[in-house]
Amino acid sequence: MFEKSRKLLDDYAGFLYPVLDFCETVTVRGEGCYVWDADGNKILDLNSGQFCSVFGHSDPQVAETVYKTALKIQDTNTAALSEEVLFAAKRIHDICPEMNARSFFLSTGAEANECCLRYARHLNGGKPGVISFDNGYHGLTHGTKSHSTGRRHVNPPLNFAYVTRVPRMYNETDLTDRQIDEYIEEFRNIVHANAGNIAIAIFEPVVSSGGMYIPSRRYFKKIREICTEYNIFLAFDECQTGFGRTGTWFYYQQLECTPDFLVCAKGIGLGYPVSVVIFNGNTFSNPTSDLQHFCSHQNDPFAGALVSHGIDTIEKNNLMEHIGKMGVYLLDSLKNISSRHVFVQNPRGVGLMCAFDIGADQSDIAAQGILFCKRALENNIMLQPCNGGKTIRLLPSYCVTENDIDFLCLRLKQVLKKYY
Ligand SMILES: Cc1ncc(COP(=O)(O)O)c(C=O)c1O
């Protein structure tokens, strides 16, 4: 099935540094929710690239936006703003009115999170500390990794990196109020003991890579109160949850809990490297440029053009409603499969951000996760394991249809036959 891909990999992959175990197919093109490999196999991509191509692969209008912008202006002096960036900042302001947004465009999620932490420390009197979830993920730079699930591998370790446990819940009612209060108290105790050192708490509001946990409104409402009480900024890393993925522009809008910083990446670039740090204009009501930030690709015109195009398209096509409907259809379909196959456990999700755990031998779970996804690929569905192999995430493009989800289920059932 993958002969041509294998030959290409044999001939050329050796020229790349093997930073990870590459997939066994070589992708040659994409359209909508599907990609085609070198052997002509049509594969349903359940991760919209790496959660970035939210309008589907090679969307003609996205391509045209990039092309037209490139013909007009490709790069500006770091201090020179373009119309594209000015207009996009206003568009962002208008889709998250609670933030009274002041935006700063960058390229990747890790870069934007680093920038957020840099400004938080500066704006919070130089306090060095950051508190984050044990199972969160914010990137792989030295700083962001120090506040992510792989922190124990950071060398040298970062000081003033505090950790609190994410509430292990898959929906609002998974834990009792009393159990949630224990998690809140844990956070409060760490903050109380170290408030003088902690500048900011940074959380994914839905903890994706670390197990697709969905902490409740009650949890975040209290966290917000504690941050305010102890003069600690609250940042939501919405690199995955942002830009419509969960059925609202940003997930904080469903939590009724407004952060001081909001970081968004991935989907906001429609398949291109765009991220944004949104400063809350009510928290930072008198911004100054006394801490300056320079990098080659900040406030790039193509980033601005893509963000505005993304907002226009979501609004014009009422995509938020489609995301909500397809999210329910996907989750119901997974629940249906789960009710018949013990291998598919704990289906859960918000909008088009869903997951299930695999009911395999937990002592060998990393290998089991890889094997499951390999078998899925042989059945024309592209999935990725996370959470050490235990969890499979599904974040399809916003153009996914019921037919695509039915195809997923059909092929998933084929794969599951191997397990009985
Ligand atoms: C929640 C979250 N934050 C940050 C990042 C890092 O983004 P990037 O890989 O673009 O640096 C990711 C990437 O998966 C992510 O899921």
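The values are calculated or read from the model by the stated rules, or taken from the named source; none is laboratory data. Worth saying up front: this structure is predicted, and the values here are computed from it rather than measured. Using ideal geometry, Cβ is built from the backbone for each residue, glycine included, and neighbour counts are taken over all protein chains shown. Accessible surface is based on the protein model in full, side chains and every heavy atom, while ligands, DNA and RNA are left aside. Shrake-Rupley method; radii C 1.70, N 1.55, O 1.52, S 1.80 Å.
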- prompt: Is there any pair with a first residue in segment 104-133 that is in a strand (DSSP E or B) and a second that is within 11 Å of the ligand (Cβ to nearest atom) and of a type in the set (Phe, Trp, Tyr) whose Cβ atoms are under 6 Å apart and which are 6 or more apart or on different chains, and what are they?
  reply: Phe133/Phe203
- prompt: Would you call Tyr230 more than 16 Å from the ligand (Cβ to nearest atom) and either in contact (Cβ under 8 Å) with a residue 40 or more places away in the chain or among the polar types (S, T, N, Q) (or both)?
  reply: no
- request: Quick one: which helices (runs of 4 or more DSSP H) lie wholly within segment 309-420 and hold at least 3 residues that are under 19 Å from the mean Cα position of the chain (by Cα)?
  value: 319-338
- request: Would you check if Val130 is modelled with pLDDT of 95 or more, within 13 Å of the ligand (Cβ to nearest atom) and of a type in the set (Val, Ile, Thr)?
  value: no
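Looking only at residues in segment 96-116 that are touching a helix residue (DSSP H, G or I) at 6+ places or on another chain (Cβ under 6 Å) and farther than 18 Å from Thr78 by Cα, which one is most open to solvent (accessible area, probe 1.4 Å)?
To start, the set of residues in segment 96-116 that are touching a helix residue (DSSP H, G or I) at 6+ places or on another chain (Cβ under 6 Å) comprises 101, 103, 105-106, 110, 113-114.
If we keep only those that are farther than 18 Å from Thr78 by Cα too, we end up with 101, 110, 113-114.
Numbers: Ala101: 8, Ala110: 21, Asn113: 1, Glu114: 57 Å².
Selected residue: Glu114.
Could you list, in sequence order, the residues of segment 209-230 that are open to solvent by 10 Å² or more (accessible area, probe 1.4 Å), part of a loop (DSSP other than H, G, I, E, B) and out of contact with any strand residue (DSSP E or B) (no Cβ under 7 Å at 6 or more places or on another chain)?
So in segment 209-230, the residues open to solvent by 10 Å² or more (accessible area, probe 1.4 Å) come out as 209, 213-214, 217-218, 221-222, 224-225, 228-230.
Subsequent filtering for residues that are part of a loop (DSSP other than H, G, I, E, B) retains 209, 214, 230.
Correct list: Tyr230 only.
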- request: May I ask you to list pairs of residues, at least six apart or on different chains, whose Cβ atoms are under 6 Å apart, with the first in segment 272-301 being closer than 15 Å to Val85 by Cα and the second being among the hydroxyl-bearing types (Ser, Thr, Tyr) and assigned to a strand (DSSP E or B)?
  value: Val276/Ser103; Ile278/Ser103
- line: Checked pairs for segment 12-36, first open to solvent by less than 100 Å² (accessible area, probe 1.4 Å), second of a type in the set (Phe, Trp, Tyr) and assigned to a loop (DSSP other than H, G, I, E, B), C-beta under 8 Å and 6 or more apart or across chains, list as Ala13/Phe22; Glu24/Phe2; Thr25/Phe2
task: Tell me which of these Glu84 doesn't satisfy, since it passes every other one: (1) open to solvent by 30 Å² or more (accessible area, probe 1.4 Å); (2) more than 12 Å from the ligand (Cβ to nearest atom).
output: (1)
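Would you point out which residue out of Asp94, Asp134 is over 20 Å from the mean Cα position of the chain (by Cα) and of a type in the set (Asp, Glu)? Give the derivation first.
On the way: Asp134 fails: over 20 Å from the mean Cα position of the chain (by Cα).
Exactly one of Asp94, Asp134 is over 20 Å from the mean Cα position of the chain (by Cα) and of a type in the set (Asp, Glu), namely Asp94.
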- request: State whether the residues of segment 199-206 include one that is in contact with a His (Cβ under 8 Å, 6 or more places away or on another chain) and within 16 Å of the ligand (Cβ to nearest atom).
  value: yes
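Asn286: farther than 22 Å from Phe51 by Cα, over 20 Å from the mean Cα position of the chain (by Cα) and assigned by TED's automatic domain parsing to the domain that holds Thr246, yes or no? Break it down into steps so the answer makes sense when it comes.
Working: farther than 22 Å from Phe51 by Cα: yes; over 20 Å from the mean Cα position of the chain (by Cα): yes; assigned by TED's automatic domain parsing to the domain that holds Thr246: yes.
Considered against the rule, which asks whether it is farther than 22 Å from Phe51 by Cα, over 20 Å from the mean Cα position of the chain (by Cα) and assigned by TED's automatic domain parsing to the domain that holds Thr246, Asn286 comes out as yes.
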task: Return the only residue of Gly247, Gly267 being surrounded by 22 or more Cβ atoms within 10 Å (Cβ to Cβ) and either free of Cβ contacts under 8 Å to residues at least 40 places away in the same chain or not in a helix (DSSP H, G or I) (or both).
output: Gly247
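Considering only segment 134-155, how many residues are in a helix (DSSP H, G or I) and either within 11 Å of the ligand (Cβ to nearest atom) or of a type in the set (A, V, I, L, M, F, W, C) (or both)? Step through it out loud before you land on a result.
To start, the set of residues in segment 134-155 that are in a helix (DSSP H, G or I) comprises 142-146, 151-153.
Going one step further and asking which of them are either within 11 Å of the ligand (Cβ to nearest atom) or of a type in the set (A, V, I, L, M, F, W, C) (or both), we end up with 144-145.
Total satisfying the criteria: 2.
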message: I'd like to verify a number: residues in segment 250-264 that are touching a Gly at 6+ places or on another chain (Cβ under 7 Å) and in a helix (DSSP H, G or I), how many?
response: 0
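Within segment 195-208, does at least one residue satisfy the condition of being within 30 Å of Asp75 (Cα to Cα) and buried (at least 19 other Cβ atoms within 10 Å of the Cβ)? It would help to see each step written out before you state the result.
Applying the first criterion (within 30 Å of Asp75 (Cα to Cα)) to segment 195-208 yields none.
No, because not a single residue in segment 195-208 is within 30 Å of Asp75 (Cα to Cα) and buried (at least 19 other Cβ atoms within 10 Å of the Cβ).
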- request: Go through (1) in a loop (DSSP other than H, G, I, E, B); (2) within 16 Å of the ligand (Cβ to nearest atom); (3) open to solvent by less than 50 Å² (accessible area, probe 1.4 Å) one by one and return the number of the condition Pro167 breaks.
  value: (2)
- prompt: From the list Tyr272, Tyr329, which one is open to solvent by 60 Å² or more (accessible area, probe 1.4 Å) and within 16 Å of the ligand (Cβ to nearest atom)?
  reply: Tyr272
task: Would you check which residues across segment 276-307 are under 27 Å from Ala199 (Cβ atoms), in contact with a Ser or Thr (Cβ under 6 Å, 6 or more places away or on another chain) and not β-branched (Val, Ile, Thr) and list them?
output: Phe294, His297
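For the structure I just gave you, tell me whether Gln368 is modelled with pLDDT under 95 and surrounded by 19 or more Cβ atoms within 10 Å (Cβ to Cβ).
Values: modelled with pLDDT under 95: yes; surrounded by 19 or more Cβ atoms within 10 Å (Cβ to Cβ): yes.
Criteria met by Gln368.
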